[in-house]
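Student: After the structure tokens below, expect a handful of questions from me.
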Amino acid sequence: MVKQVNRRTVLAGAGAAATSLATGASSVRAADPVKVGVLFPLTGNAAAAGQASKAAVEIAAEIVNDAHPELVGIPLAKDAGIPGLGGAKLELVFIDHQGNPSVAQQQALRLINQDKVNVLLGAYQSSCTLTATPVAERNGIPFVVGDSAAGNITQRGFKWLFRVTPIASDFAAAYMTFFADMNKAGHKVASVAVVNENTDYGTSVGDAVEAAAKKAGLTVSNRIPYSASTTDVSAQVLQLKDKNPDVVIFISYTADAILYMKTMKNLDYMPAMVLGDDSGFSDPSFIPAIQDIAQGVMNRSAWDIGKPGSTTSKINDMYKGKTGRDLDDTSGRNMQAMLTLADALNRAGSVDPAKIQAALIATDLKPEQLMMGYRGVKFDETGQNILASTYLIQLKGKDYKVVWPDANATEKLVWPMKGWKA
């Protein structure tokens, strides 16, 4: 077991040799590939999101491994390989945890002990990230989290965990600011309902949103936890219809998000606005399944394709060329995590876990260096990116468009949503 150390102590002693019993990293030569173990749900209920994120991480590795000088501002894009490691390439080792926390834990251990990876990245579902990250912590292996949003992931005193994405408290604060703006614009938001799947992700975000709403003086008409594997949500939709809140916030995975939209149509219930908390609402299979019945539904996202010819548009072209579809927020956040990790590897100039850890601690990326719409990447003592942020987007036709905040909007917000009456 590798002894845990304080993050500031790591910075002060970054040049010191580190012990890594788990990986044997000291034997890796500078020009050898850097092995990154990536845990995603590649099968199961969230397979579409996992596969989309897998493709995004592969594109990130392509940006690092091959020269892409056209991607202005993105660290390491102009060179082939990682300069600080003698041009070493990223080698991705993907593992399918199936959305099962116990499998995620077992597979993290396999990646470290059998595949001898240098770092880990993942794991989409917060419940799986919560079980996989302690394995990395015990073995002294840096673990970069791209998209799991449960607040408690970075509240365990871990020193080898770094989360790039915005989290539950960030989303809740953004939603409350949005609702205040809507009230100022004459769109009544006095009551909200919170509907959440009942694992760590849904519960954590749901708690944060409920607390923020109450603090903002809004009435929480319904708090409805449910199992993401459910096949009937008629009772839950009837509860919403009875209370009739101004906005319903869904914290859902893919199958359940689609099920809710279809059930709302079947029961003829449409609130003024539905706001999805990413995840299922960003899954590639969501829009094709509901676009005819959920026009105007809103979602959160820190991703925007941008203008033609922009760096983000070129990255989207790469992703679309690989997958046949545009990049989405979930896969984009995982791509950004991989690019952030690559930048740290370059600055570390070593595959020594302690030096990678120190480089991650020292990360200070600016907005112009990112492909996601964050204010930057800078980690606090818990490993959380304190500069992460989000936009709100709205479904118009077959695509989401950025509608809030006004400074970032590409199209005007439509209120109320049109649903199946578009």
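Student: Sequence-distant or interchain residues sharing an amide H contact under 5 Å with Gly87, placed H: which?
Tutor: So Gly87 has HN proximity to Ile82.
Student: Taking the 0 to 90 degree range and rounding to the nearest ten, how far is the long axis of helix 234-243 tilted relative to the main principal axis of the chain, both from C-alpha atoms?
Tutor: 60
Student: What FRET efficiency do you get for Glu368 and Ser227 if R0 is 56 Å and r is their Cβ-Cβ distance, rounded to the nearest 0.05?
Tutor: Working: r = 43 Å, r/R0 = 0.76.
About 0.85, to the nearest 0.05.
Student: With a 10 Å radius around each residue's Cβ, average the other Cβ atoms per peptide and rank 330-337, 104-111, 46-53, highest first. Write out the running numbers ahead of the final one.
Tutor: Working: 330-337: 28.4, 104-111: 22.2, 46-53: 24.4.
With the highest mean Cβ count within 10 Å placed first, the list reads 330-337, 46-53, 104-111.
Student: Follow-up question, since we're still on this one. Could you give the Stokes-Einstein D for the range 263-411 in µm² per second, using the C-alpha Kirkwood radius, 10 °C, 1.306 mPa s?
Tutor: Working: Rh = 17.0 Å.
Here the translational diffusion coefficient equals 93 µm²/s.
Student: Considering only DSSP beta bridges whose two residues both sit in the range 249-408, what percent are antiparallel, to the nearest 5?
Tutor: Values: 11 of 15 bridges.
Around 75 percent antiparallel, to the nearest 5.
Student: Another question about this same structure. Show that you can apply the helix-only estimate: for the chain, add -39,500 (n - 2.57) for every DSSP H stretch of four or more residues, divide by all residues, and state [θ] at 222 nm to the nearest 500. Don't jump to the answer; show the numbers that get you there.
Tutor: Working: 12 runs with 155 residues, N = 422.
That comes out to -11500 deg cm²/dmol.
Student: Using Cα pairs closer than 8 Å and at least 6 residues apart in sequence, work out the relative contact order for the range 42-88, in percent.
Tutor: Details: 43 pairs, mean separation 11.2, N = 47.
This gives 24 percent for the range 42-88.
Student: With all distinct Cα pairs included, what does the Kirkwood hydrodynamic radius of the range 327-383 come out to in Å, to one decimal, could you say? If you can, show how the numbers build up before the last one.
Tutor: Details: mean 1/r = 0.0845 Å⁻¹.
For the range 327-383, inverting the mean 1/r across all distinct Cα pairs yields 11.8 Å.
Student: Quote the relative contact order of the range 190-338 in percent (integer), defining contacts as alpha-carbon pairs under 8 Å separated by 6+ residues. It would help to have the intermediate numbers written out before the result.
Tutor: Details: 228 pairs, mean separation 28.7, N = 149.
RCO, the range 190-338: 19 percent.
Student: Rg and Dmax in Å for the chain, alpha carbons only: what are they?
Tutor: That works out to 21.1, 65 Å for Rg and Dmax.
Student: In whole angstrom, and with the biggest value first, how far do the Cα coordinates of the range 209-348 range along each principal axis?
Tutor: That works out to 54, 35, 30 Å along the principal axes.
Student: Principal axes first, then extents: for the Cα atoms of the range 299-367, list largest minus smallest coordinate on each axis, whole Å, largest first.
Tutor: Extents along the principal axes, in whole Å: 38, 24, 22.
Student: Kirkwood hydrodynamic radius, the range 239-285, all distinct C-alpha pairs: what's the number in Å? List each step's numbers first, then the result.
Tutor: Working: mean 1/r = 0.0909 Å⁻¹.
One decimal place: 11.0 Å for the Kirkwood radius.
Student: Moving on. Please state the relative contact order of the range 124-189 as a whole percent: Cα pairs under 8 Å, 6+ residues apart?
Tutor: Working: 63 pairs, mean separation 17.8, N = 66.
After rounding, I find 27 percent.
Student: While we're looking at this one, here's another question. Can you return the lysines within cross-link range of Lys188? Criterion is Cα-Cα under 20 Å, with same-chain partners fewer than 8 residues away left out.
Tutor: The qualifying lysines are Lys214, Lys215, Lys241, Lys243, Lys412, Lys418.
Student: List the GluC sites (Glu not before Pro) within the range 44-118 that fall in a DSSP loop (any state other than H, G, I, E or B) and whose Cβ has at most 16 other Cβ atoms within 10 Å. Don't skip to the answer; put the middle values down first.
Tutor: Numbers: sites: Glu58, Glu62, Glu70, Glu91; in loops: Glu70.
Here the GluC sites (Glu not before Pro) that fit, given the DSSP loop and packing criteria, are Glu70.
Student: Give the angle, between 0 and 90 degrees and rounded to the nearest 10, that separates the Cα long axis of helix 254-266 from the longest principal axis of the Cα atoms of the chain.
Tutor: 10
Student: Give me the lysines in straight-line cross-link reach of Lys116: C-alpha distance below 27 Å, same-chain residues under 8 apart excluded.
Tutor: Lys3, Lys35, Lys54, Lys89, Lys159, Lys355
Student: Then there's this: Hey, got the Cα dimensions of the range 87-132 along the principal axes, in Å, largest first?
Tutor: Largest to smallest, the principal-axis extents are 36, 19, 15 Å.
Student: For helix 126-139, what angle does its Cα long axis make with the longest principal axis of the chain, in degrees from 0 to 90 and rounded to 10?
Tutor: Compared with the principal axis, the helix lies near 20 degrees.
Bear in mind these aren't lab numbers, they're just calculated from the coordinates by the rules spelled out. Only a predicted model underlies this, so the values are computations on that prediction, with no experimental measurement involved. For neighbour counting, all protein chains shown are included, and Cβ atoms are generated from backbone atoms with ideal geometry for every residue, glycine included.
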